[in-house]
Amino acid sequence: MPEGPEIRRAADAVARVLVGHEIVDVSLHLPGLKRFEKRLRAATVTVVDTRGKAMLTRFDNGLTLYSHNQLYGRWYTTRRPRLPRTRRQQRVALHTATHSALLYSASDVEILTATQEARHPFLKRIGPDILDPSLDKAAIVERLLAAAFRNRALGGLYLDQSFLAGNGNYLRSEILWSAGLHPKQRPADVPAAGLVRLAADTLAIARRSYRTRGVTAPPKAARERKALGMRYEQYRFQVYGRSDAPCYSCGTPIERLDSGSRAVFICPECQPG
Ligand SMILES: [Zn+2]
């Protein structure tokens, strides 16, 4: 499942071809959406927002295309009249005079008015976006200490979209390792300084992953590993997917724990719990 940084980058790509341009042709291949084709034709895309794993493509006529990629959905952008080479099923096609933005395989797609967006069950339930530039450390600490979250294990909290939207499995492992916290620990058990560090690492690692196309390791470490000939999948993470490999901080073998149905990777020495 793509996490916040991947969705934000997909939104950036869609924004690059659509924002400020008139939509000259539209195809919506989902039941109930056909009737909006006419209303989106000749509209202009004003912005492409993300809320966690949802993308919101906004038009100047007040309508918003809501899409959630779930596991399989994928956006492509092309120069017209090219289409992506894929066997996936096309769900949405938005064409400007020069480019196309096309969504394949996703089934969670809606057209919303502002009122419908405000009442949308998923959007209402999710927390602040982990990549929202206005989100700061203090707001995350406040959230960690809120009654709804303070007694929950960090392992569960760091996948829960109602805590922070856009968080996900690899970010969870990387953030908790960096903060030196075990997934079983609860915010209520962590001293104030530890929570501030966790909040700072949460922001720094999510933003770094967005900037670097998914590299959560610090830039210097990633450069050194790359220079040693490591491939992207090997150098990008500090702990995620590195079972039994030595911790980059202390050399202890990394352990994989099963937390729900998703694996979390920890260093038992650096994250004693
Ligand atoms: Zn360690």
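The values are calculated or read from the model by the stated rules, or taken from the named source; none is laboratory data. Model, not experiment: these values are computed from the prediction. Note that each Cβ is placed from the backbone with ideal geometry, even for glycine, and that neighbours are counted across all protein chains shown. The accessibility values were calculated without ligands, DNA or RNA, using every heavy atom of the protein model including side chains. Shrake-Rupley method; radii C 1.70, N 1.55, O 1.52, S 1.80 Å.
How about segment 223-273: which of its residues are closer than 19 Å to residue 179 by Cβ, buried (at least 18 other Cβ atoms within 10 Å of the Cβ) and more than 16 Å from the ligand (Cβ to nearest atom)?
236, 259
For residues that are modelled with pLDDT of 95 or more, assigned to a loop (DSSP other than H, G, I, E, B) and open to solvent by less than 70 Å² (accessible area, probe 1.4 Å), tally how many sit in segment 65-83.
Of the residues in that region, 0 qualify.
When residues of segment 131-145 are filtered for being closer than 21 Å to residue 211 by Cα, touching a residue at least 12 places away in the same chain (Cβ under 8 Å) and open to solvent by 30 Å² or more (accessible area, probe 1.4 Å), how many remain?
2
Residue pairs, Cβ under 7 Å, 6 or more apart or interchain, first in segment 7-31 and closer than 18 Å to residue 70 by Cα, second hydroxyl-bearing (Ser, Thr, Tyr) and crowded, with 17+ Cβ neighbours inside 10 Å. List them.
Pairs that qualify, where the first residue is closer than 18 Å to residue 70 by Cα and the partner is hydroxyl-bearing (Ser, Thr, Tyr) and crowded, with 17+ Cβ neighbours inside 10 Å, are 7/50; 8/50; 8/210; 9/210; 11/50; 14/57; 14/77.
When residue 102 is evaluated against the numbered criteria (1) surrounded by 17 or more Cβ atoms within 10 Å (Cβ to Cβ); (2) in a loop (DSSP other than H, G, I, E, B), which criterion, by number, is the only one it fails?
Status for residue 102: all satisfied but (2).
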